[in-house]
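Working notes, beginning with the structure itself.
Where a number appears in this text, it was derived from the coordinates with a stated rule and is not lab data. What you see is a predicted model; the values in this text were computed from it and never measured. Because the Cβ atoms are built from the backbone with ideal geometry, glycine has one as well, and the counts that use them run over all protein chains shown.
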Amino acid sequence: MQYRNLIKSHYNEINNLTNLLSSMVNSYRLLVGGANELNNISEAKKSQVKEAVKRADDLGEIIDEIIKTLDECSTSYTKYCKIKKQYVDEKTNKDNILTEIDYEVQFDNSEREYEE
């Protein structure tokens with residue numbers, strides 16, 4: 001099960017990157033909104049607006065890098081999920097599942113008979 005632990009760790013890292021991306025996108029929106037508001041203030045200097053836009057642009061580049069990283073990392077996790085699904089599909093016996101469902105239904109019905 002070592003490989004499963006590796007994939008679980010990999011999934012956690014992908015999840016952490018996703019959370020980081022979400023946080024940075026929210027910050028990016030605030031920076032863009034702030035730059036827009038600053039631009040609408042007549043007393044604001046042009047250099048202040050440019051600096052605000054630059055900060056948003058810098059964060060946008062970091063966000064782009066995180067998206068690229070997520071794209072690369074999630075490929076292996078997706079492949080793992082597909083392989084695991086294929087294995088389960090191949091090993092699953094329909095008759096066993098139907099028998100199990102029938103057993104559960106009969107068990108539930110027997111419990112109801114005792115309750116009445």
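Okay, here's what the table says:
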| item | result |
| --- | --- |
| Under 30 Å from Lys79, Cα to Cα: lysines that are on another chain or at least 8 residues apart | Lys8, Lys68, Lys91, Lys94 |
| Expected 222 nm ellipticity per residue - DSSP helices of 4 or more, -39500 (n - 2.57), all of the chain, to 500 | -34000 deg cm²/dmol |
| For the chain, size of Cβ-based charge dipole, Lys and Arg +1, Asp and Glu -1, in debye | 1040 debye |
| Sparsely packed trypsin sites (Lys or Arg not before Pro) within segment 15-116, loop by DSSP, other Cβ within 10 Å at most 12 | Lys45 |
| Cα long-axis angle, helix 94-115 against the chain (0 to 90 degrees, to the nearest 10) | 80 degrees |
| Helix 46-91 vs. the chain, principal-axis angle (Cα, 0 to 90°, nearest 10) | 10 degrees |
| Candidate lysines for bridging to Lys46, where Cα separation is under 18 Å - those fewer than 8 sequence places away on the same chain excluded | Lys54 |
| Max mean-square fluctuation residue, GNM over the chain, Cα-Cα springs under 10 Å, options Glu65, Glu90, Glu100 | Glu100 |
| For the chain, the Rg and Dmax computed from alpha carbons only, in angstrom | 26.7, 82 |
